[in-house]
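Q: Below you will find the structure I want to go over with you.
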Amino acid sequence: HHSLPVRLPMLFRVATLQKIKSGEITLAFRRWKRPTVQAGGTLTTPIGLLAIHKVDKTTFGSITSSEARRAGFASKAELVDELRSRTGSIYRIEFELAGADPRIELRQANRLSGDQLESICQKLRRMDRASRHGPWTRAILKAIDRHPRVAASQLAKSSGFEKDWLKVNVRKLKNMGLTISHGVGYELSPRGKALLKHLK
């Protein structure tokens, strides 16, 4: 039984993230067998969403000192040392901070105008109509409100839905900024609570 190779996403140190936020760092160099990010994609980090502009294979010889500094290293030698300690092809990744994670911005918005409420309710009604389980969105929001941070299996029992189905569908509510996922269970975001008040 061989364990599968894990394709780790691009991870950044906290100090690096701060410099990305201030615009000092706009490049990263990584060694990968296969790239874990692609041009045109985005990467969610603790400081927000990074827009990935270019991902190119490169070589030690092609890296310039100014690129090493744009990647947060004091010198090219320091970057090369770091890369030599890894295996795989060398990739040069250009990116910039594209803004906060849109779901985080959404879920903090706890004042909803009449129009916003109406548009969320329309979406929820469409999701209810499309479901073979019949209307579920309000039932799930209420269940999460009553049982925050309980395991999905318990939430499924108390709301009468199947656990795997529930997990997939709570993700749809999360993408609308209505719920927040925790290590165990979920809770309503400020936006979700504002909506529930209106639905009651």
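Q: Return the ratio Rg/(2.2 N^0.38 Å) for region 59-164, where Rg is computed over Cα atoms only.
A: The value comes to 1.89.
Q: Could you calculate the FRET efficiency of residue 86 with residue 168 from 1/(1 + (r/R0)^6), where r is the beta carbon distance between them and R0 is 41 Å, rounded to 0.05?
A: The calculated FRET efficiency here is 0.70.
Q: To continue, here is another question. Cα atoms only: what Rg and Dmax, in Å, come out for the chain?
A: Cα radius of gyration and Dmax of the chain are 21.8, 65 Å respectively.
Q: With every protein chain kept in place and ligands, DNA and RNA left out, what is the accessible area per residue of region 82-200? Probe 1.4 Å, answer in Å².
A: Heavy-atom accessible area per residue stands at 57 Å².
Q: I would also like to ask the following. Which residues in region 13-34 have a backbone N closer than 19 Å to a point placed 7 Å from the Cα of residue 96 along the Cα-to-Cβ line?
A: 17-29
Q: Along Cα→Cβ, 7 Å out, is where each label goes; now give me the distance between the ones at residue 154 and residue 113 in nm to one decimal.
A: Placing both labels 7 Å beyond Cα along the Cβ direction yields 4.0 nm.
Q: Residue 150's amide H: which non-local residues (gap 5+, or another chain) put their own amide H closer than 5 Å, with H modeled 1.01 Å from N in plane and none for Pro or chain starts?
A: Long-range HN contacts for residue 150: 186.
Q: Right, something else. If the label point is 7 Å along Cα→Cβ of residue 78, which residues in region 84-98 have backbone nitrogen under 19 Å from it?
A: 84-86, 93
Q: For region 29-172, how many pairs of lysine residues have a Cα-Cα distance under 15 Å, where the two are 8 or more positions apart or belong to different chains?
A: 5
Q: Tell me, what is the FRET efficiency for residue 146 and residue 13 to the nearest 0.05, using R0 = 45 angstrom and their Cβ-Cβ distance as r?
A: For residue 146 and residue 13, the calculated efficiency is 0.70.
Q: From the square roots a ≥ b ≥ c of the eigenvalues of the alpha-carbon gyration tensor of region 107-192, which class results: rounded (a/c under 1.5), prolate (a/b over b/c), or oblate?
A: The shape class here is oblate.
Q: Got a number for carbon plus sulfur as a percent of region 1-101's accessible area, 1.4 Å probe?
A: Carbon and sulfur atoms account for 52 percent of the accessible area of region 1-101.
Q: Under the rule of at least 5 residues apart or a separate chain, name every residue whose amide H is placed under 5 Å from the amide H of residue 53.
A: 40, 94, 95, 96
Q: Go ahead and run the numbers for FRET between residue 133 and residue 56, Cβ-Cβ distance against an R0 of 45 Å, rounding to 0.05.
A: After rounding, the FRET efficiency stands at 0.45.
Q: As an exercise, take the mean of 1/r over every pair of distinct alpha carbons in region 10-93, invert it, and state the Kirkwood radius in angstroms.
A: 13.1 Å
The values are calculated or read from the model by the stated rules, or taken from the named source; none is laboratory data. Worth saying up front: this structure is predicted, and the values here are computed from it rather than measured. With ideal geometry, Cβ positions are generated from the backbone for all residues, glycine too; neighbour counts draw on all protein chains shown. Accessible surface areas use protein heavy atoms only, side chains included; no ligands, DNA or RNA. Shrake-Rupley method; radii C 1.70, N 1.55, O 1.52, S 1.80 Å.
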